[in-house]
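Please read the structure below before turning to the comments.
Every number here is computed from the coordinates shown, using simple stated rules; none is lab data. Everything quoted here is computed from the prediction, not taken from an experiment. Don't worry about glycine lacking a Cβ; one is built from the backbone with ideal geometry, like all the others, and counts go over all protein chains shown.
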Amino acid sequence: MTVRLLDEARIPPRYRRCEIESFVTYPNEKLLGAVRLAKRFAEEFPSIGKGLCLIGPPGIGKTHLAVAVLRRVILTRGARGLFYDTRDLLRVIRSTYNPTVKTAEMDVLRPVMEADLLVLDDLGSEKTSEWVEETMNLIVNTRYNERRHTIFTSNYDDTPDDSDPDSLKARIGFRIHSRLHEMCEFLEFDGADFRHLPPNGGVDDLLAMWKMKPNRRTLPARTTSKPVRAQLKAPTPGKADLGWTGGKAGS
Ligand SMILES: Nc1ncnc2c1ncn2[C@@H]1O[C@H](COP(=O)(O)OP(=O)(O)OP(=O)(O)O)[C@@H](O)[C@H]1O
Ligand SMILES: [Mg+2]
């Protein structure tokens, strides 16, 4: 049964062996704090109030931790878990687009909205558009209303500066951003990029690499040159918050 649940969780092969126990730590307070909370989430699931939002630069283990928690709750609680890279999910939904029949879209969306635990990886990496925002709103809002747990990961800092086009809020839109804060514990951390660790490297190397980072909170280059639409849009009074009609994909 749990083997089937693990198979159905769509965990990418690279991460199929991720465990909280195999997550290497070093003296890095925020990273240790994130691991501690991830562990607690896995232990207390499903009677834990909030999901998790893991934020930080590339290679520090956000996806690793998220998958480790997902695997743990599937294995110990028999939870229906699901992993999706955000861009992948939108691509799959888009590929099912049919102007007259919505069933194919719902076939993809239903498990995403109904999973006991959903990992939505790399939030904010998707190119924004009205369709993207509506689709993401539908997913996040449905899970929010149903009090289902979600773990998000993102490279985009949750800076309070609204005018920063690389802030999480600008990347994902103010509506999802607001729900995210109610749904999740935010774990922002920095660390060494594990992908640059030499084959025989260890804890000392990780610590040294982290300390040598020129700017300990660097973000990836922007993926859009246009202003982010979500940031510019004000809520329309009287409009249903999430009137997703399965509008034209990619519009
Ligand atoms: N602390 C760690 N202990 C063991 N393995 C780690 C650790 N951190 C990262 N890794 C491994 O390094 C690789 C990169 O980590 P991961 O993909 O989780 O990074 P990320 O923070 O999600 O990066 P990105 O922002 O680019 O998605 C993975 O193979 C992961 O298993
Ligand atoms: Mg990742």
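Using a cut-off of 27 Å between Cα atoms, the listed pairs K30/K50; K39/K127; K50/K211; K62/K213 include K39/K127; K50/K211 as exceeding that distance.
Provide the packing ranking of 197-204, 164-171, 107-114, i.e. peptides ordered by the mean count of other C-beta atoms within 10 Å per residue, highest first. Kindly include the intermediate steps, with their values, before the conclusion.
Numbers: 197-204: 10.0, 164-171: 21.1, 107-114: 15.9.
Ranking, from highest mean packing down: 164-171, 107-114, 197-204.
A cut-off under 10 angstrom between Cβ atoms defines the neighbours of E114, and their net charge, with Lys, Arg +1 and Asp, Glu -1, is +2. In the calculated pair-distance distribution of the range 2-232, the portion above 29 angstrom amounts to 27 percent of the Cα-Cα pairs.
Place a +1 charge on the Cβ of each Lys and Arg in the range 2-232 and a -1 charge on the Cβ of each Asp and Glu, then give the dipole magnitude about the Cα centre in debye, rounded to the nearest 20.
On the way: 36 positive and 33 negative charges, 66 e Å.
Around 320 debye, computed over the range 2-232.
Would you mind putting 181-187, 13-19, 35-41 in packing order, based on average other-beta-carbon counts within 10 Å, highest first? Each step should come with its number before you reach the end.
Values: 181-187: 16.9, 13-19: 12.7, 35-41: 18.4.
Ranked by mean Cβ neighbours within 10 Å, highest first: 35-41, 181-187, 13-19.
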